[in-house]
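Heads up, the thing below is written out as structure tokens.
Each reported figure results from applying straightforward, stated rules to the coordinates on display, with no laboratory input. Quick caveat: nothing in here was measured; it's all calculated off a predicted structure. Counting neighbours? That spans all protein chains shown, and the Cβs are built from the backbone with ideal geometry, glycine included.
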Amino acid sequence: MTAPRVSVVMPAYQAAATIGAAVASVLWQDYPSFELIVVDDGSSDETRAIAEAHGGKVRIITQDNRGVAAARNAGIQSARGDLITFCDADDMLFEHHLTALVETHERGTGGIATANSYWLLPGGIHASKRRYKGKFPAPDSQRVAILEQNFVSTMSLFPRTLVEEIGPFDEARRRAEDWDFWLRAIFNGYRVDLQPEPLALYRWNTASLSADWEEMDADVEAIFAKLEDRVELAPDEREYVQRRRATPGPRRLTRQGDEALRAARYSEAARAYREAASLCRSERMLVWKARLMTPAPRLAGPFVRARQRRIERRLGMEAGHTR
């Protein structure tokens, strides 16, 4: 039996409500040579049964609940393809997704191809809510960009040999495990090419969101606390890491800015956006907000607030949907 070229790994936990659509969307792909591996991470609902209902086209691995990093690692270990990619159990792929991703990988020179997608929110999708908009980090700026934020989607494709070079996903991380993985890859010499057309839906979940953000922030802080021991940093990169660790971090500052903006506390919002943008210059919308609001918060603030609230109402976004 000829081995598939691409292995699609789908970690799944308590995903009965969404996994059927996710599996069907992978099996719908027009790319001719792939396999789908579903890793059931100790679910107690119908996750496994729904995946099994799709028949022999799906390989299923079952393990005790050990977290998404362990599930990704188990899928990679069982993969037969030379190329690995992920589709989470609550996401959906359009028919041409894999083909376009493989083509981007073949044209690129960085070793990793990442896919654009629409955010799937309670109110649907919106053209402005895409994973990637505007300028993508150039190869020579990707070390800085990956320190500022995780600009690499989980819907990325990479050679299986990458894992042999940098090691598996860190199973001590319950969240931000992908950021840690891509960070190690980029600092090991890999670069990321973008497939710019949004050919997938990435579900933005709000379950247990307050606790999720706190735990996510804690895991990100843990990654940065150990970063100098895990990768070789240039002097300016080391200075950035030290400066970032002395602040709440751009993600938390952005959420503080969004909260202040909703409450019409425009000066407070402007300060938070300005501090966040100084730490995350690769986030285009954040930099736009900071530049627009800093000179005259009370003049620009109502315009920015009205625009943001209009999009949020249309898509059924809640406060927790801010990143």
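Only Lys, Arg, Asp and Glu carry charge here, each on its Cβ (+1 for the first two, -1 for the last two); on that basis region 129-214 has a dipole of about 400 debye about its Cα centre.
Can you compute the modelled spin-label distance between R245 and S33, with each label point 7 Å from Cα toward Cβ, in nm? Going by the 7 Å Cα→Cβ label model, 4.5 nm.
Each of K135 and T2 was given a label point 7 Å from its Cα along the Cα-to-Cβ line. The distance between the two points is 4.4 nm. Considering only P302, L233, G124, the residue lying farthest towards the positive end of the dipole of the chain is P302, judged by Cα position with unit charges set on Cβ.
With contacts defined as alpha carbon pairs under 8 Å and 6 or more residues apart, what's the relative contact order of region 164-323 in percent? Could the numbers behind the result be given before it?
Details: 120 pairs, mean separation 30.1, N = 160.
Once normalised by length, the contact order is 19 percent.
Positive end of the dipole of the chain (Cβ unit charges, origin at the Cα centre): among P196, P32, V6, the Cα lying farthest that way belongs to P196. Relative to the longest principal axis of the Cα atoms of the chain, helix 235-245 runs at roughly 80 degrees. Computed from the alpha carbon atoms alone, the convex hull of region 209-321 holds 109 Å³ per residue.
For region 107-226, rounded, prolate or oblate, judged on the Cα gyration tensor with a ≥ b ≥ c (square roots of eigenvalues), a/c < 1.5 rounded, else prolate if a/b > b/c? It comes out oblate by the Cα gyration axes.
Would you list which lysines come within 24 Å of K129, measuring only between C-alpha atoms, while excluding same-chain residues fewer than 8 positions from it? Candidates past the 8-residue exclusion: K289. Rounding to the nearest 10 and keeping the result within 0 to 90°, find how far the Cα-based axis of helix 297-315 lies from the longest principal axis of the chain. Roughly 30 degrees, rounded to the nearest 10.
Beta bridges from DSSP with both residues in the chain: antiparallel share about 25 percent, rounded to the nearest 5. Spin-label model, E232 to N65: label points 7 Å out along the Cα-to-beta-carbon direction sit 4.2 nm apart. Paramagnetic label reach from E171 (point 7 Å along Cα→Cβ; backbone nitrogen cut-off under 14 Å): within region 54-69, residues 62-69.
Rounded to the nearest 20 Debye, what is the dipole magnitude of the chain about its Cα centre when Lys and Arg each give +1 and Asp and Glu each give -1 at the C-beta? Approximately 1760 debye in magnitude. All C-alpha pair distances within the chain, sorted into 20 Å bins from zero, spread as 30, 59, 11, 0 percent across the bins. Extension gain, I311 to A53, is 89.1 nm, computed as 0.36 nm per intervening residue step minus the present C-alpha separation.
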